[in-house]
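A short write-up of the structure that comes next.
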Amino acid sequence: MTKMASKHPTSFLAFGDLPDGGIEALIVRAEELRALRAARTPHATRPGRVLGMVFEKASTRTRASFEIAMYELGGHALYLGMQGSQLERGEPLRDTARVLSGYCHGIMLRTFGHDRAEEMARYATVPVINGLTDLMHPCQVLADLQTVAQRFGAADVPRALRGVKYAWIGDGNNMANSWIEAAGILGLDLALACPAGYEPDAGVVERARASERGRITFCREPAEAVAGRQVLSTDVFTSMGQEAETEARRLAFKDYAIDAALLRGAAREAIVLHCLPAHRGEEIADEVIEGPASAVWQQAENRLHAQKALLELLLA
């Protein structure tokens, strides 16, 4: 098994919770786990472990990937949604954290404000994993980075990740924030094109730039952001909880779709990523997501492998 650096994270709310080299080590281990699964080799490395999964937002990939990951690692996943739990009736999150800590070996939370994930981690006595907040989505970007390594040289993960240039097109949301954080830690060259008023979190940008490791640039024109770049990423223009802004966002983002014309401005070997669900014809064209540059389905599968590696680390 790939060894992690000496500092052991107690929770994973953002990439900054990992030790130096932690992202790369998780990707290497995720590739090992992917190979074991492809060969139908059992890898129940965490028998008897239980992961409590608290969902305050809807989910397809997060729930399926974590639940299957725990099963294949020899453990069990317990699903708690708002409906059918005391959270719906207003039970404080700190109480849920304490109770689940007595039952489970780890907790995964998918919620709205990042402060809720921080509260869960503060009161839990077991590791807490950020399955998504409005500020960060590190589990998804970890799988995205694994996809980049697969496409551009998984034999040398650090070189593969730093050897390409990245572009983010669209909303400066939790995905953009996690890409920016990863760029600052890994030393990536990342360009972002976001409409005025929809920029990423200023604090996240400031911290990433303070690392002086990566190159993070902003522009308004998507064509400028993707020029000559190998990894293009996007997400829906209206995330969960923003439904009241749908029409305003549709107008603001009308020129920010990744379509065939925009893709032609990228590097010849460029891949396109989308964390799903996709609104085809809005942020991404059907011909792109179904086309040869799309790595979307590989990216979605990698949620399983990347999170297995993360669960091994945290539930050791």
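The values are calculated or read from the model by the stated rules, or taken from the named source; none is laboratory data. What you are looking at is a predicted structure, and each value in this text was computed from that prediction instead of being measured. Cβ atoms come from the backbone with ideal geometry, glycine included; neighbour counts cover every protein chain shown.
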List, please: which pairs have Cβ atoms under 6 Å, are six or more places apart or on different chains, and start with a residue in segment 170-193 that is farther than 15 Å from residue 148 by Cα and end with one that is assigned to a strand (DSSP E or B) and among the polar types (S, T, N, Q)? 170/234; 191/217
From 231, 141, 226, residue being more than 15 Å from residue 295 (Cα to Cα) and hydrophobic (A, V, I, L, M, F, W, C): 226
Residue that is modelled with the highest pLDDT [pool: residues in segment 295-316 that are outside any helix (DSSP H, G or I) and of a type in the set (Gly, Ala, Ser)]: 295
Among the residues of segment 126-135 satisfying the criterion of being hydrophobic (A, V, I, L, M, F, W, C) and crowded, with 24+ Cβ neighbours inside 10 Å, which is nearest to residue 188 (Cα to Cα)? 132
Residue pairs within 8 Å by beta carbon, gap of at least six or interchain, first lying in segment 15-33 and more than 19 Å from residue 66 (Cα to Cα), second of a type outside the set (A, V, I, L, M, F, W, C) and in a helix (DSSP H, G or I), listed first then second, are 16/181; 16/207; 24/158
Residues of segment 69-98 satisfying the condition of being farther than 17 Å from residue 117 by Cβ and part of a helix (DSSP H, G or I): 69, 70, 71, 72, 86, 88, 89
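Where residues in segment 48-68 are of a type outside the set (Gly, Ala, Ser) and more than 19 Å from the chain's Cα centre (by Cα), which of them is nearest to residue 113 (Cα to Cα)?
Looking only at segment 48-68, we keep the residues that are of a type outside the set (Gly, Ala, Ser), and these are 49-51, 53-57, 60-63, 66-68.
With more than 19 Å from the chain's Cα centre (by Cα) added as a condition, the list becomes 49-50.
Numbers: 49: 28, 50: 25 Å.
Once the filter is applied, the top-ranked residue is 50.
Is it the case that some residue within segment 88-100 is touching a Gly at 6+ places or on another chain (Cβ under 7 Å) and either over 22 Å from residue 47 (Cβ atoms) or not assigned by TED's automatic domain parsing to the domain that holds residue 167 (or both)? Don't jump to the end; show me each part of the working.
Here is the first cut: in segment 88-100, the ones touching a Gly at 6+ places or on another chain (Cβ under 7 Å) are 100.
This time we only want the ones that are either over 22 Å from residue 47 (Cβ atoms) or not assigned by TED's automatic domain parsing to the domain that holds residue 167 (or both), so: 100.
Looking through segment 88-100, at least one residue is touching a Gly at 6+ places or on another chain (Cβ under 7 Å) and either over 22 Å from residue 47 (Cβ atoms) or not assigned by TED's automatic domain parsing to the domain that holds residue 167 (or both).
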Report, by residue number, each residue of segment 187-229 that is of a type in the set (D, E, K, R), part of a loop (DSSP other than H, G, I, E, B), closer than 17 Å to residue 141 by Cβ and over 18 Å from the mean Cα position of the chain (by Cα). 213, 229
In segment 279-294, anything touching a His at 6+ places or on another chain (Cβ under 9 Å) and part of a loop (DSSP other than H, G, I, E, B) is listed as 283
Flagged in segment 162-177 as within 22 Å of residue 264 (Cα to Cα) and not in a strand (DSSP E or B), in numbering order, are 163, 164, 170, 171
Is it true that residue 202 is without any contact (Cβ under 8 Å) to a residue 24 or more places away in the chain, of a type in the set (Gly, Ala, Ser) and surrounded by fewer than 20 Cβ atoms within 10 Å (Cβ to Cβ)? yes
